[in-house]
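Everything on this sheet refers to the single structure shown next.
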Amino acid sequence: MASVQPHRVRPGRGTELLLLVPALVIGIAGYVLAGLGATGSVPPHAMTYAVGTTVLAFAVHVVLRIRAPYADPVILPVVVALNGIGLAMIYRISIAYAARGRADANIADRQLAWTAVSVVLAIVVLLVLRDHRTLRRYTYTAMVVGLVLILLPLVPGLGQTINGARIWVRVGPVGMQPAEFAKIALAVFFAGYLVTHRDTLALAGKRVLGLQLPRARDLGPILVVWAASLAVLVLQRDLGTSLLFFGLFVAVLYLATERTSWIVIGLTLFAGGAAVAAATFSHVAARFDVWLHALDNDVFSRQYGGSGQLVYGLFGMANGGLFGTGLGQGRPDLVPFAYSDFIVAALGEELGLTGLVAILLLYTVLVERGLRIAIGVRDGFGKLLAGGLSFVVAVQLFVVVGGVTRLIPLTGLTTPFLAYGGSSLVANWMIAALLLRISDEARRPVPAVRTIATPDVGVPLPPIGDSRPVGGRRSTGRTGTPAGGTPAAPTGTAPVRTSGPGRTADAHEGPDPDDNPTERLGGDLR
(Lines give C-alpha, C1' and ligand atoms only; values in the text may rest on other atoms or scores of the structure.)
Protein backbone atom coordinates (compact mmCIF):
# COMPACT_ATOMS: atom_id res chain seq x y z
CA MET A 1 0.00 0.00 0.00
CA ALA A 2 1.36 3.40 -0.97
CA SER A 3 1.87 5.96 1.76
CA VAL A 4 2.36 9.72 1.60
CA GLN A 5 5.55 10.88 3.23
CA PRO A 6 6.00 14.48 4.36
CA HIS A 7 8.37 16.40 2.11
CA ARG A 8 10.38 19.34 3.35
CA VAL A 9 10.35 22.13 0.75
CA ARG A 10 13.66 23.93 0.39
CA PRO A 11 13.57 27.65 -0.45
CA GLY A 12 15.94 27.11 -3.38
CA ARG A 13 17.88 30.36 -3.12
CA GLY A 14 21.18 28.46 -3.00
CA THR A 15 20.30 26.65 -6.23
CA GLU A 16 19.35 29.96 -7.81
CA LEU A 17 22.68 31.47 -6.79
CA LEU A 18 24.58 28.56 -8.35
CA LEU A 19 22.58 28.83 -11.58
CA LEU A 20 23.11 32.58 -11.78
CA VAL A 21 26.86 32.08 -12.22
CA PRO A 22 26.69 30.22 -15.58
CA ALA A 23 23.82 32.47 -16.68
CA LEU A 24 25.99 35.55 -16.19
CA VAL A 25 28.99 33.84 -17.76
CA ILE A 26 26.95 33.16 -20.92
CA GLY A 27 25.99 36.81 -21.32
CA ILE A 28 29.40 38.29 -20.43
CA ALA A 29 31.35 35.78 -22.53
CA GLY A 30 29.03 36.40 -25.47
CA TYR A 31 29.58 40.15 -25.14
CA VAL A 32 33.37 39.74 -25.12
CA LEU A 33 33.36 37.22 -28.00
CA ALA A 34 31.16 39.49 -30.10
CA GLY A 35 33.71 42.27 -29.73
CA LEU A 36 36.64 39.95 -30.43
CA GLY A 37 35.00 38.49 -33.52
CA ALA A 38 33.96 41.82 -34.99
CA THR A 39 36.92 44.05 -34.11
CA GLY A 40 39.68 41.66 -32.99
CA SER A 41 39.90 43.22 -29.51
CA VAL A 42 38.11 43.01 -26.20
CA PRO A 43 35.39 45.68 -25.84
CA PRO A 44 36.84 48.64 -23.91
CA HIS A 45 33.97 48.73 -21.43
CA ALA A 46 33.69 44.95 -20.94
CA MET A 47 34.50 45.15 -17.23
CA THR A 48 31.88 47.84 -16.62
CA TYR A 49 29.34 45.74 -18.49
CA ALA A 50 30.22 42.63 -16.47
CA VAL A 51 29.97 44.43 -13.14
CA GLY A 52 26.72 46.16 -14.08
CA THR A 53 24.89 43.02 -15.19
CA THR A 54 26.18 41.07 -12.18
CA VAL A 55 24.97 43.74 -9.75
CA LEU A 56 21.53 43.82 -11.38
CA ALA A 57 21.15 40.04 -11.29
CA PHE A 58 22.28 39.72 -7.68
CA ALA A 59 20.02 42.62 -6.64
CA VAL A 60 17.00 40.61 -7.77
CA HIS A 61 18.42 37.55 -6.02
CA VAL A 62 18.75 39.44 -2.71
CA VAL A 63 15.21 40.80 -2.98
CA LEU A 64 13.93 37.27 -3.55
CA ARG A 65 15.80 36.04 -0.48
CA ILE A 66 14.07 38.69 1.62
CA ARG A 67 10.58 39.00 0.12
CA ALA A 68 9.98 35.75 -1.77
CA PRO A 69 12.25 33.08 -0.29
CA TYR A 70 10.30 30.17 -1.82
CA ALA A 71 10.17 31.59 -5.35
CA ASP A 72 11.11 29.33 -8.25
CA PRO A 73 14.95 29.07 -8.38
CA VAL A 74 15.17 28.54 -12.16
CA ILE A 75 13.22 31.48 -13.63
CA LEU A 76 15.68 34.24 -12.73
CA PRO A 77 18.79 32.46 -14.12
CA VAL A 78 16.98 31.64 -17.39
CA VAL A 79 15.81 35.23 -17.81
CA VAL A 80 19.29 36.58 -17.02
CA ALA A 81 20.85 34.22 -19.60
CA LEU A 82 18.34 35.21 -22.32
CA ASN A 83 18.78 38.91 -21.56
CA GLY A 84 22.57 38.52 -21.67
CA ILE A 85 22.47 36.73 -25.04
CA GLY A 86 20.28 39.50 -26.42
CA LEU A 87 22.63 42.21 -25.15
CA ALA A 88 25.63 40.45 -26.70
CA MET A 89 23.91 40.15 -30.08
CA ILE A 90 22.69 43.75 -30.04
CA TYR A 91 26.23 44.90 -29.25
CA ARG A 92 27.55 42.86 -32.16
CA ILE A 93 24.93 44.43 -34.50
CA SER A 94 25.79 47.91 -33.24
CA ILE A 95 29.43 47.33 -34.21
CA ALA A 96 28.32 46.41 -37.74
CA TYR A 97 26.08 49.47 -37.93
CA ALA A 98 28.88 51.74 -36.72
CA ALA A 99 31.17 50.36 -39.45
CA ARG A 100 28.54 51.30 -42.04
CA GLY A 101 28.00 54.75 -40.54
CA ARG A 102 24.38 54.16 -39.55
CA ALA A 103 22.73 56.55 -37.12
CA ASP A 104 21.36 53.78 -34.90
CA ALA A 105 24.78 52.43 -33.93
CA ASN A 106 24.25 53.23 -30.21
CA ILE A 107 21.49 50.68 -29.72
CA ALA A 108 23.65 48.57 -27.37
CA ASP A 109 24.03 51.39 -24.82
CA ARG A 110 20.32 52.14 -24.92
CA GLN A 111 19.39 48.47 -24.49
CA LEU A 112 21.72 48.20 -21.49
CA ALA A 113 19.98 51.24 -19.96
CA TRP A 114 16.58 49.66 -20.62
CA THR A 115 17.81 46.47 -18.95
CA ALA A 116 18.63 48.40 -15.79
CA VAL A 117 15.20 50.08 -15.85
CA SER A 118 13.48 46.71 -16.40
CA VAL A 119 15.28 45.04 -13.49
CA VAL A 120 14.45 47.94 -11.17
CA LEU A 121 10.75 47.77 -12.12
CA ALA A 122 10.77 43.99 -11.59
CA ILE A 123 12.17 44.57 -8.11
CA VAL A 124 9.42 47.15 -7.47
CA VAL A 125 6.79 44.57 -8.46
CA LEU A 126 8.28 42.04 -6.02
CA LEU A 127 8.39 44.59 -3.20
CA VAL A 128 4.97 46.18 -3.72
CA LEU A 129 2.94 43.10 -4.63
CA ARG A 130 3.05 40.96 -1.51
CA ASP A 131 0.25 38.61 -2.62
CA HIS A 132 -0.73 37.96 -6.23
CA ARG A 133 -4.37 37.47 -5.20
CA THR A 134 -4.58 41.22 -4.63
CA LEU A 135 -4.72 41.65 -8.40
CA ARG A 136 -8.08 39.88 -8.54
CA ARG A 137 -9.69 42.95 -7.00
CA TYR A 138 -8.80 44.89 -10.13
CA THR A 139 -10.25 42.45 -12.68
CA TYR A 140 -12.40 44.94 -14.57
CA THR A 141 -9.96 47.78 -14.01
CA ALA A 142 -7.36 45.63 -15.77
CA MET A 143 -9.83 45.12 -18.63
CA VAL A 144 -10.29 48.89 -19.07
CA VAL A 145 -6.54 49.52 -18.86
CA GLY A 146 -5.84 46.79 -21.41
CA LEU A 147 -8.39 48.10 -23.90
CA VAL A 148 -7.16 51.67 -23.50
CA LEU A 149 -3.57 50.57 -24.13
CA ILE A 150 -4.65 48.66 -27.24
CA LEU A 151 -6.52 51.66 -28.66
CA LEU A 152 -3.89 54.23 -27.68
CA PRO A 153 -1.94 54.06 -30.98
CA LEU A 154 -5.11 55.02 -32.87
CA VAL A 155 -5.30 58.41 -31.12
CA PRO A 156 -4.38 61.15 -33.65
CA GLY A 157 -1.15 62.91 -32.80
CA LEU A 158 -0.16 60.23 -30.31
CA GLY A 159 0.02 57.05 -32.38
CA GLN A 160 2.79 56.52 -34.89
CA THR A 161 2.97 54.22 -37.91
CA ILE A 162 6.28 52.37 -38.34
CA ASN A 163 6.86 49.81 -41.09
CA GLY A 164 3.18 49.83 -41.97
CA ALA A 165 1.92 48.94 -38.45
CA ARG A 166 0.34 51.53 -36.16
CA ILE A 167 1.35 50.05 -32.83
CA TRP A 168 3.60 52.77 -31.44
CA VAL A 169 2.94 55.74 -29.19
CA ARG A 170 5.39 58.62 -28.97
CA VAL A 171 5.42 61.42 -26.41
CA GLY A 172 8.30 63.75 -27.20
CA PRO A 173 11.52 61.74 -27.44
CA VAL A 174 10.05 58.72 -25.65
CA GLY A 175 8.30 56.01 -27.64
CA MET A 176 6.57 52.87 -26.39
CA GLN A 177 4.58 49.92 -27.66
CA PRO A 178 1.43 49.84 -25.46
CA ALA A 179 0.47 46.33 -26.57
CA GLU A 180 3.39 44.92 -24.56
CA PHE A 181 1.79 46.17 -21.34
CA ALA A 182 -1.75 45.46 -22.50
CA LYS A 183 -0.98 41.73 -22.57
CA ILE A 184 -0.25 41.79 -18.82
CA ALA A 185 -3.44 43.73 -18.02
CA LEU A 186 -5.54 41.41 -20.17
CA ALA A 187 -3.96 38.34 -18.57
CA VAL A 188 -5.09 39.67 -15.17
CA PHE A 189 -8.59 40.37 -16.52
CA PHE A 190 -8.98 36.98 -18.22
CA ALA A 191 -7.81 35.16 -15.08
CA GLY A 192 -10.15 37.12 -12.80
CA TYR A 193 -13.15 36.81 -15.12
CA LEU A 194 -12.78 33.13 -15.96
CA VAL A 195 -12.11 31.97 -12.41
CA THR A 196 -15.57 33.33 -11.56
CA HIS A 197 -17.45 31.99 -14.59
CA ARG A 198 -15.56 28.79 -15.39
CA ASP A 199 -18.23 26.46 -13.98
CA THR A 200 -20.86 27.81 -16.33
CA LEU A 201 -18.48 27.81 -19.30
CA ALA A 202 -17.31 24.27 -18.54
CA LEU A 203 -20.58 22.50 -17.75
CA ALA A 204 -23.29 24.26 -19.72
CA GLY A 205 -24.20 23.42 -23.29
CA LYS A 206 -25.03 20.46 -25.49
CA ARG A 207 -22.70 17.74 -26.71
CA VAL A 208 -22.39 17.42 -30.48
CA LEU A 209 -20.00 15.02 -32.28
CA GLY A 210 -17.92 14.51 -29.17
CA LEU A 211 -17.57 18.26 -28.46
CA GLN A 212 -19.50 20.00 -25.72
CA LEU A 213 -20.67 23.18 -27.37
CA PRO A 214 -21.34 26.23 -25.18
CA ARG A 215 -24.66 27.98 -24.90
CA ALA A 216 -25.20 30.96 -27.20
CA ARG A 217 -25.12 33.44 -24.33
CA ASP A 218 -21.79 32.04 -23.10
CA LEU A 219 -20.16 32.88 -26.43
CA GLY A 220 -20.36 36.59 -25.60
CA PRO A 221 -16.90 37.03 -24.04
CA ILE A 222 -15.07 35.11 -26.75
CA LEU A 223 -16.92 37.04 -29.47
CA VAL A 224 -15.96 40.36 -27.85
CA VAL A 225 -12.28 39.38 -27.66
CA TRP A 226 -12.46 38.04 -31.23
CA ALA A 227 -13.89 41.34 -32.46
CA ALA A 228 -11.22 43.31 -30.57
CA SER A 229 -8.41 41.18 -32.03
CA LEU A 230 -9.78 41.66 -35.56
CA ALA A 231 -10.00 45.40 -34.92
CA VAL A 232 -6.30 45.38 -34.04
CA LEU A 233 -5.58 43.42 -37.21
CA VAL A 234 -7.57 45.78 -39.44
CA LEU A 235 -7.04 49.21 -37.85
CA GLN A 236 -3.47 48.84 -36.57
CA ARG A 237 -2.32 46.47 -39.32
CA ASP A 238 -0.67 44.22 -36.77
CA LEU A 239 -1.24 40.50 -37.25
CA GLY A 240 1.11 39.50 -34.42
CA THR A 241 -0.58 41.49 -31.65
CA SER A 242 -4.00 40.35 -32.84
CA LEU A 243 -2.94 36.70 -32.74
CA LEU A 244 -1.26 37.18 -29.35
CA PHE A 245 -4.34 38.62 -27.64
CA PHE A 246 -6.76 36.09 -29.04
CA GLY A 247 -4.38 33.19 -28.38
CA LEU A 248 -3.98 34.36 -24.77
CA PHE A 249 -7.73 34.38 -24.21
CA VAL A 250 -8.31 30.96 -25.78
CA ALA A 251 -5.40 29.48 -23.78
CA VAL A 252 -6.70 30.81 -20.44
CA LEU A 253 -10.23 29.73 -21.38
CA TYR A 254 -8.98 26.19 -21.98
CA LEU A 255 -7.06 26.20 -18.69
CA ALA A 256 -10.20 27.28 -16.86
CA THR A 257 -12.64 24.84 -18.48
CA GLU A 258 -10.46 21.97 -19.84
CA ARG A 259 -12.78 21.85 -22.85
CA THR A 260 -11.23 21.17 -26.25
CA SER A 261 -14.29 22.68 -27.93
CA TRP A 262 -13.16 26.16 -26.91
CA ILE A 263 -9.85 25.67 -28.75
CA VAL A 264 -11.66 24.43 -31.85
CA ILE A 265 -14.10 27.35 -31.74
CA GLY A 266 -11.31 29.87 -31.14
CA LEU A 267 -9.09 28.64 -33.96
CA THR A 268 -12.06 28.50 -36.32
CA LEU A 269 -13.11 32.05 -35.48
CA PHE A 270 -9.61 33.48 -35.87
CA ALA A 271 -8.84 31.60 -39.09
CA GLY A 272 -12.15 32.69 -40.61
CA GLY A 273 -11.70 36.30 -39.54
CA ALA A 274 -8.13 36.44 -40.84
CA ALA A 275 -9.21 34.95 -44.18
CA VAL A 276 -11.98 37.53 -44.56
CA ALA A 277 -9.59 40.35 -43.59
CA ALA A 278 -7.00 39.13 -46.12
CA ALA A 279 -9.62 39.16 -48.86
CA THR A 280 -11.00 42.56 -47.86
CA PHE A 281 -8.07 44.75 -46.76
CA SER A 282 -5.03 45.29 -48.95
CA HIS A 283 -2.46 45.62 -46.15
CA VAL A 284 -3.51 42.28 -44.66
CA ALA A 285 -3.42 40.68 -48.11
CA ALA A 286 0.12 42.03 -48.62
CA ARG A 287 1.31 40.18 -45.49
CA PHE A 288 -0.08 36.91 -46.77
CA ASP A 289 1.36 37.58 -50.23
CA VAL A 290 4.85 38.03 -48.80
CA TRP A 291 4.44 34.84 -46.80
CA LEU A 292 3.27 32.70 -49.68
CA HIS A 293 5.44 34.16 -52.47
CA ALA A 294 8.54 35.38 -50.66
CA LEU A 295 10.99 34.14 -53.31
CA ASP A 296 9.12 35.57 -56.29
CA ASN A 297 11.18 38.29 -57.93
CA ASP A 298 8.38 40.88 -58.09
CA VAL A 299 7.57 40.38 -54.39
CA PHE A 300 11.26 40.42 -53.39
CA SER A 301 11.95 43.62 -55.37
CA ARG A 302 8.89 45.49 -54.14
CA GLN A 303 9.91 48.88 -52.77
CA TYR A 304 7.48 48.87 -49.84
CA GLY A 305 6.16 45.77 -48.12
CA GLY A 306 8.34 43.34 -50.04
CA SER A 307 9.94 40.13 -48.87
CA GLY A 308 13.55 41.34 -48.97
CA GLN A 309 14.04 41.35 -45.20
CA LEU A 310 12.47 37.92 -44.82
CA VAL A 311 14.61 36.39 -47.58
CA TYR A 312 17.84 37.95 -46.24
CA GLY A 313 17.03 36.48 -42.83
CA LEU A 314 16.49 33.02 -44.33
CA PHE A 315 19.78 33.27 -46.26
CA GLY A 316 21.57 34.34 -43.07
CA MET A 317 20.33 31.31 -41.13
CA ALA A 318 21.28 29.07 -44.04
CA ASN A 319 24.75 30.60 -44.01
CA GLY A 320 25.10 29.77 -40.31
CA GLY A 321 24.53 26.08 -40.88
CA LEU A 322 24.78 23.72 -37.95
CA PHE A 323 27.34 25.51 -35.75
CA GLY A 324 27.23 29.09 -37.05
CA THR A 325 29.84 31.48 -38.35
CA GLY A 326 30.84 32.55 -34.85
CA LEU A 327 29.96 35.69 -32.93
CA GLY A 328 31.14 38.71 -34.89
CA GLN A 329 31.79 36.74 -38.08
CA GLY A 330 28.41 36.97 -39.81
CA ARG A 331 26.60 39.72 -41.71
CA PRO A 332 23.49 40.54 -39.68
CA ASP A 333 23.69 44.15 -40.87
CA LEU A 334 22.31 43.06 -44.25
CA VAL A 335 18.91 42.59 -42.60
CA PRO A 336 17.27 46.01 -42.02
CA PHE A 337 15.89 45.26 -38.54
CA ALA A 338 18.22 42.54 -37.30
CA TYR A 339 18.23 43.94 -33.75
CA SER A 340 14.43 43.74 -33.27
CA ASP A 341 12.18 41.73 -35.57
CA PHE A 342 14.96 39.53 -36.96
CA ILE A 343 17.31 39.03 -34.02
CA VAL A 344 16.46 35.31 -34.19
CA ALA A 345 17.82 35.21 -37.75
CA ALA A 346 20.99 37.04 -36.65
CA LEU A 347 21.53 34.55 -33.81
CA GLY A 348 20.84 31.65 -36.16
CA GLU A 349 23.56 32.88 -38.51
CA GLU A 350 26.31 33.38 -35.94
CA LEU A 351 25.41 30.60 -33.48
CA GLY A 352 24.03 28.14 -36.00
CA LEU A 353 21.16 25.73 -35.59
CA THR A 354 22.78 24.33 -32.43
CA GLY A 355 22.89 27.70 -30.71
CA LEU A 356 19.37 28.58 -31.83
CA VAL A 357 17.99 25.30 -30.49
CA ALA A 358 19.76 25.95 -27.17
CA ILE A 359 18.07 29.36 -26.96
CA LEU A 360 14.68 27.84 -27.74
CA LEU A 361 15.29 25.26 -25.00
CA LEU A 362 15.84 28.09 -22.52
CA TYR A 363 12.44 29.46 -23.48
CA THR A 364 10.98 25.98 -23.12
CA VAL A 365 12.35 25.75 -19.58
CA LEU A 366 10.90 29.19 -18.77
CA VAL A 367 7.44 28.26 -20.04
CA GLU A 368 7.59 24.86 -18.33
CA ARG A 369 8.41 26.46 -14.98
CA GLY A 370 5.50 28.86 -15.45
CA LEU A 371 3.08 26.01 -16.11
CA ARG A 372 4.54 24.12 -13.15
CA ILE A 373 3.77 27.15 -11.00
CA ALA A 374 0.19 27.15 -12.34
CA ILE A 375 -0.19 23.52 -11.28
CA GLY A 376 1.30 24.06 -7.83
CA VAL A 377 -0.41 27.25 -6.69
CA ARG A 378 -3.46 26.67 -4.51
CA ASP A 379 -5.90 29.35 -5.72
CA GLY A 380 -7.77 29.36 -9.02
CA PHE A 381 -6.87 32.94 -9.90
CA GLY A 382 -3.16 32.25 -9.46
CA LYS A 383 -3.42 29.13 -11.62
CA LEU A 384 -5.01 31.00 -14.50
CA LEU A 385 -2.72 34.03 -14.17
CA ALA A 386 0.48 31.96 -14.11
CA GLY A 387 -0.75 29.82 -16.99
CA GLY A 388 -1.81 32.87 -18.98
CA LEU A 389 1.51 34.67 -18.51
CA SER A 390 3.39 31.51 -19.50
CA PHE A 391 1.29 31.17 -22.64
CA VAL A 392 1.97 34.84 -23.47
CA VAL A 393 5.69 34.11 -23.64
CA ALA A 394 5.12 30.88 -25.57
CA VAL A 395 2.70 32.37 -28.10
CA GLN A 396 4.86 35.45 -28.65
CA LEU A 397 7.93 33.29 -29.24
CA PHE A 398 5.99 31.08 -31.66
CA VAL A 399 4.68 34.09 -33.59
CA VAL A 400 8.17 35.63 -33.89
CA VAL A 401 10.11 32.47 -34.76
CA GLY A 402 7.30 31.24 -37.00
CA GLY A 403 7.36 34.51 -38.95
CA VAL A 404 11.15 34.61 -39.32
CA THR A 405 11.29 31.00 -40.50
CA ARG A 406 8.28 31.52 -42.80
CA LEU A 407 6.08 29.09 -40.95
CA ILE A 408 3.37 31.77 -40.56
CA PRO A 409 3.02 35.31 -41.97
CA LEU A 410 5.59 37.77 -40.68
CA THR A 411 4.52 39.93 -37.74
CA GLY A 412 5.90 42.92 -35.91
CA LEU A 413 6.34 41.34 -32.48
CA THR A 414 9.69 41.26 -30.73
CA THR A 415 11.39 38.22 -29.21
CA PRO A 416 11.01 38.30 -25.39
CA PHE A 417 14.22 39.29 -23.54
CA LEU A 418 16.35 39.09 -26.73
CA ALA A 419 15.20 41.80 -29.10
CA TYR A 420 15.88 45.51 -28.84
CA GLY A 421 13.09 47.60 -27.36
CA GLY A 422 12.38 49.14 -24.00
CA SER A 423 8.65 48.34 -23.92
CA SER A 424 9.17 44.66 -24.62
CA LEU A 425 12.02 44.30 -22.14
CA VAL A 426 10.19 46.08 -19.30
CA ALA A 427 6.96 44.13 -19.87
CA ASN A 428 8.68 40.75 -19.98
CA TRP A 429 10.73 41.42 -16.85
CA MET A 430 7.45 42.32 -15.13
CA ILE A 431 6.01 39.00 -16.30
CA ALA A 432 9.03 37.23 -14.80
CA ALA A 433 8.49 39.11 -11.52
CA LEU A 434 4.81 38.10 -11.41
CA LEU A 435 5.72 34.46 -12.02
CA LEU A 436 8.28 34.64 -9.22
CA ARG A 437 5.70 36.13 -6.88
CA ILE A 438 3.12 33.44 -7.68
CA SER A 439 5.74 30.70 -7.37
CA ASP A 440 6.60 31.87 -3.87
CA GLU A 441 3.01 31.16 -2.85
CA ALA A 442 2.95 27.88 -4.80
CA ARG A 443 6.12 26.46 -3.22
CA ARG A 444 5.62 27.85 0.29
CA PRO A 445 4.86 25.04 2.78
CA VAL A 446 1.38 24.94 4.24
CA PRO A 447 1.49 26.06 7.90
CA ALA A 448 1.21 23.16 10.29
CA VAL A 449 -2.15 22.97 12.09
CA ARG A 450 -2.19 21.56 15.61
CA THR A 451 -5.11 19.19 16.19
CA ILE A 452 -6.92 19.54 19.52
CA ALA A 453 -9.30 16.84 20.66
CA THR A 454 -12.77 18.29 21.29
CA PRO A 455 -16.21 16.78 21.95
CA ASP A 456 -18.41 15.93 18.99
CA VAL A 457 -20.83 18.83 19.09
CA GLY A 458 -21.87 21.57 21.47
CA VAL A 459 -20.25 22.84 24.64
CA PRO A 460 -17.67 20.74 26.44
CA LEU A 461 -18.88 18.73 29.42
CA PRO A 462 -17.31 18.89 32.84
CA PRO A 463 -15.51 15.79 34.08
CA ILE A 464 -17.72 13.16 35.63
CA GLY A 465 -18.39 13.96 39.22
CA ASP A 466 -17.02 17.50 38.91
CA SER A 467 -19.53 20.14 39.99
CA ARG A 468 -17.50 23.07 38.67
CA PRO A 469 -19.13 24.93 35.79
CA VAL A 470 -17.64 25.03 32.32
CA GLY A 471 -15.69 28.16 31.34
CA GLY A 472 -15.04 29.31 34.90
CA ARG A 473 -18.65 30.33 35.62
CA ARG A 474 -20.07 30.10 39.09
CA SER A 475 -21.88 27.02 40.25
CA THR A 476 -25.60 27.20 41.02
CA GLY A 477 -25.15 24.90 43.91
CA ARG A 478 -26.58 21.96 42.05
CA THR A 479 -24.24 19.12 41.32
CA GLY A 480 -23.31 18.99 37.62
CA THR A 481 -25.43 21.99 36.61
CA PRO A 482 -23.65 25.02 35.09
CA ALA A 483 -24.70 28.56 35.89
CA GLY A 484 -26.19 29.01 32.43
CA GLY A 485 -28.86 26.47 33.24
CA THR A 486 -27.70 23.77 30.82
CA PRO A 487 -28.21 20.46 32.53
CA ALA A 488 -25.22 18.19 32.66
CA ALA A 489 -25.38 14.70 31.26
CA PRO A 490 -26.18 12.05 33.75
CA THR A 491 -23.29 10.14 35.13
CA GLY A 492 -22.26 7.34 32.85
CA THR A 493 -24.16 8.59 29.83
CA ALA A 494 -22.79 10.29 26.75
CA PRO A 495 -24.25 13.39 25.14
CA VAL A 496 -26.66 12.66 22.35
CA ARG A 497 -26.96 14.79 19.20
CA THR A 498 -30.32 14.83 17.52
CA SER A 499 -31.46 16.77 14.48
CA GLY A 500 -34.77 18.48 13.96
CA PRO A 501 -37.21 19.89 16.46
CA GLY A 502 -37.29 16.84 18.66
CA ARG A 503 -34.04 17.39 20.51
CA THR A 504 -33.81 15.70 23.89
CA ALA A 505 -32.80 17.48 27.01
CA ASP A 506 -29.55 15.54 26.96
CA ALA A 507 -28.56 17.00 23.56
CA HIS A 508 -26.22 19.96 23.77
CA GLU A 509 -27.05 22.88 21.49
CA GLY A 510 -24.51 23.63 18.77
CA PRO A 511 -24.09 23.81 15.02
CA ASP A 512 -24.50 20.61 13.11
CA PRO A 513 -21.52 19.83 10.92
CA ASP A 514 -22.06 19.58 7.16
CA ASP A 515 -21.83 15.83 6.77
CA ASN A 516 -22.61 15.86 3.07
CA PRO A 517 -21.35 19.11 1.52
CA THR A 518 -22.59 19.80 -1.98
CA GLU A 519 -21.78 22.50 -4.50
CA ARG A 520 -24.65 23.75 -6.59
CA LEU A 521 -24.36 25.68 -9.79
CA GLY A 522 -26.96 28.35 -10.26
CA GLY A 523 -29.00 28.63 -13.41
CA ASP A 524 -30.08 26.22 -16.06
CA LEU A 525 -27.08 24.25 -17.30
CA ARG A 526 -28.74 22.72 -20.27
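Between Asp131 and Leu223, the contour length at 0.36 nm per residue exceeds the Cα-Cα span by 29.9 nm. Using 0.36 nm per residue and subtracting the Cα-Cα separation, the extra length available between Ala271 and Glu368 on full extension is 32.2 nm. For segment 148-159, 3J(HN,Hα) computed residue by residue from phi via the Karplus equation (6.51, -1.76, 1.60; θ = phi - 60°) reads 5, 5, 5, 7, 4, x, 7, 6, x, x, 10, x Hz, glycine and proline entered as x. Share of carbon and sulfur in the accessible area of segment 283-327 stands at 61%, probe radius 1.4 Å. Using r as the Cβ-Cβ distance of Val446 and Ile66, and R0 as 25 Å, what FRET efficiency do you calculate, to the nearest 0.05? Efficiency for this residue pair is about 0.70. With θ taken as phi - 60° and the Karplus curve 6.51 cos²θ - 1.76 cosθ + 1.60 applied, the whole-hertz 3J(HN,Hα) list for segment 57-66 is 5, 6, 5, 5, 4, 5, 4, 5, 4, 8 Hz, x standing for glycine and proline. Descending by average beta-carbon neighbour count within 10 Å, the peptides 248-255, 32-39, 345-352, 307-314 line up as 345-352, 248-255, 307-314, 32-39, the highest first. A full extension of the chain between Val171 and Leu407 corresponds to an added length of 81.4 nm, given 0.36 nm per residue minus the alpha carbon distance.
Surface composition of segment 229-279: carbon and sulfur make up 71 percent of the accessible area, probe 1.4 Å. What is the Cα centroid distance between segment 389-418 and segment 299-318, reported in whole angstrom? So the two Cα centres are separated by 18 Å.
Each residue, Asn297 and Ala99, gets one label point 7 Å from its Cα in the Cβ direction; the gap between the two is 3.1 nm.
Per residue, segment 293-442 exposes 35 Å² of accessible surface when a 1.4 Å probe is rolled over the protein heavy atoms with every protein chain present.
The values are calculated or read from the model by the stated rules, or taken from the named source; none is laboratory data. All values derive from a computational prediction rather than experimental measurement. Counting neighbours? That spans all protein chains shown, and the Cβs are built from the backbone with ideal geometry, glycine included. These area figures cover heavy atoms from the full protein model, side chains too; ligands, DNA and RNA do not enter into them. Shrake-Rupley method; radii C 1.70, N 1.55, O 1.52, S 1.80 Å.
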